[in-house]
Amino acid sequence: MVRITEELIRKKAEHNERLISTLEEVSLHQEDIEKIEHIGNWCRELKILLLQSNLIGRLENLHKLKRLEYLNAAINNIERIENLEGCESLKKLDLTLNFIGHLTSVESLKGNINLRELLLIGNPCIDYPNYRNYVIATLPQLESLDAVEITRSERLQACRELVANRANIVQCQANQAIERDEQRIRVANQQRALAERCAAIEDEEERIQTFWQSKSEHCPEIRTEIARQHRLGRERHEPKSAETVPKRPRHLFAPCGRPYNLNQAKLNFNFQDEPDHYLLHLEVYRHLDTSLIDVDVEPFYARVTVKKKIFQIAYNEEVKPDETLVQRSQATGHLLVTLKKLMVNEVLLSAKKTLTQSPSDKVEPKKTGEVELRGVVDISNICAPPDLPDLI
């Protein structure tokens with residue numbers, strides 16, 4: 001079973017910079033999805049939800065979508081209308097080519113006062129006598145049913161015949177429910193017999209041909225099995241990928257300690273070298289929450305972590321981390337980092353303080369006559385920051 005995952009929705013939200021909290025439209029058609037889940041928690045701002053051509057058996061978990069205006073669940077395995085009362089803004093509902101036989105379930109849509117269009121073409125319920133008049137009278141807010149405009153005279157007549165029509169509809173759907181139960185048992189036996197017949201065939205091509213040539217009924221179980229066979233066929237014809245090679249781990253520093261330049265987030269940037277400071281302009285996503293951005297400034301490199309992806313840049317001259325200024329534009333969301341350089345006189349003063357020893361720091365000569373120096377650093381194994389190399 002294909003599940004609705006966060007990664008799947010983000011993949012379908014590329015037009016919204018992969019942000020799902022502000023997503024207003026998402027298309028999840030032809031994904032072999034069997035259950036509606038998580039969307040109501042992750043995408044509260046949705047206005048258009050496209051779920052056609054899947055294997056969904058029930059309308060559920062949509063009650064939190066208060067702004068949803070259009071729901072397309074055509075060509076699925078839905079057998080009744082339910083759980084849409086919370087979709088207060090719903091204007092159009094498309095349930096074409098499902099298996100809805102419980103027609104009185106349309107009464108659950110009475111509270112959806114904004115509903116204007118309803119499509120039930122291709123469902124068993126449309127064959128019931130006076131089906132159209134019953135739906136029109138039950139849902140007075142509708143303006144169109146099955147893509148046909150509802151006239152005022154048609155509505156008045158439907159309202160007069162509602163009681164009689166509803167009694168006939170209840171009887172028809174009771175008969176259809178009995179037939180559906182018998183069909184489930186019959187199809188289950190047919191599938192079991194077909195599976196045993198295919199298992200006895202050794203040749204794969206012959207086994208596949210046997211399945212596709214067998215007779216079948218039009219029902220949710222057969223539609224699900226056909227989708228499964230299609231999926232297996234695609235897997236058989238897809239080239240088998242070589243054994244997955246583990247990705248080379250990203251190193252932030254060279255063996256000698258020199259910081260690398262990295263741009264894992266693939267962000268556009270501009271780095272300017274001014275006389276007394278560096279200026280880093282990083283084009284962060286506009287709608288990205290600031291809590292997902294972390295800035296770390298060190299004397300010879302700056303690191304910006306955006307949604308756990310690292311942007312790191314090294315510079316030639318030492319900077320003063322405690323005087324760094326980090327700003328973010330409210331209009332574009334871009335990040336501006338101002339890095340104050342450590343000037344030459346400050347470097348000399350710092351070195352002088354480091355080499356100056358207090359009386360308590362005096363050292364005694366060693367027996368060999370050599371003196372142990374404090375504050376002196378061996379730089380023979382340290383790489384100086386080079387000019388900016390290409391990003392890796």
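Pairs are defined by a Cβ separation below 6 Å, a sequence spacing of at least 6 or placement on different chains, a first member in region 75-103 that is farther than 17 Å from PRO124 by Cβ, and a second member that is among the basic types (Lys, Arg) and part of a loop (DSSP other than H, G, I, E, B); the pairs so defined are GLU88/LYS66; SER89/ARG67; LYS91/ARG116. Restricting attention to region 255-280, the residues that are in a strand (DSSP E or B) and either outside the structural domain of ARG328 (by TED's automatic domain parsing) or crowded, with 16+ Cβ neighbours inside 10 Å (or both) total 8.
Return the residue satisfying two criteria in turn: it lies in region 41-55 and is out of contact with any Cys (no Cβ under 9 Å at 6 or more places or on another chain) and surrounded by 20 or more Cβ atoms within 10 Å (Cβ to Cβ), and of such residues it is modelled with the lowest pLDDT. Walk me through it before giving the result.
First pass over region 41-55, keeping only residues out of contact with any Cys (no Cβ under 9 Å at 6 or more places or on another chain): 41-48, 50-55.
From what is left, the residues that are surrounded by 20 or more Cβ atoms within 10 Å (Cβ to Cβ) are 43, 46, 51, 54-55.
Numbers: CYS43: 90, LEU46: 93, LEU51: 95, ASN54: 94, LEU55: 93.
Per the stated criteria, the residue is CYS43.
What are the residues in region 100-151 that are of a type in the set (Lys, Arg) and touching an Asp or Glu at 6+ places or on another chain (Cβ under 8 Å), if any? Of everything in region 100-151, those that are of a type in the set (Lys, Arg) and touching an Asp or Glu at 6+ places or on another chain (Cβ under 8 Å) turn out to be ARG116, ARG132. Just a yes or no: is a residue in region 80-88 within 30 Å of ILE48 (Cα to Cα), in the same structural domain as ASN61 (by TED's automatic domain parsing), in contact with a strand residue (DSSP E or B) (Cβ under 7 Å, 6 or more places away or on another chain) and surrounded by fewer than 21 Cβ atoms within 10 Å (Cβ to Cβ)? So far as region 80-88 goes, no, none of its residues is within 30 Å of ILE48 (Cα to Cα), in the same structural domain as ASN61 (by TED's automatic domain parsing), in contact with a strand residue (DSSP E or B) (Cβ under 7 Å, 6 or more places away or on another chain) and surrounded by fewer than 21 Cβ atoms within 10 Å (Cβ to Cβ). Of everything listed in (1) of a type in the set (Gly, Ala, Ser); (2) at pLDDT 95 or above; (3) within 22 Å of ASN130 (Cα to Cα), the single unmet condition for ALA74 is (3). A residue that is part of a helix (DSSP H, G or I) and either among the aliphatic types (A, V, I, L, M) or closer than 30 Å to ILE226 by Cβ (or both) can be found somewhere in region 152-161. Taken as a whole, region 56-72 holds at least one residue that is in contact (Cβ under 8 Å) with a residue 60 or more places away in the chain, over 15 Å from THR138 (Cα atoms) and small (Gly, Ala, Ser). When the criteria are applied in full, CYS198 meets the requirement of being surrounded by 10 or more Cβ atoms within 10 Å (Cβ to Cβ) and either at pLDDT below 85 or over 26 Å from the mean Cα position of the chain (by Cα) (or both).
The values are calculated or read from the model by the stated rules, or taken from the named source; none is laboratory data. If you're wondering where the values come from, they're calculated on a predicted model, not measured in any experiment. Note that we place each Cβ from the backbone using ideal geometry, even for glycine, and neighbour counts take in every protein chain shown.
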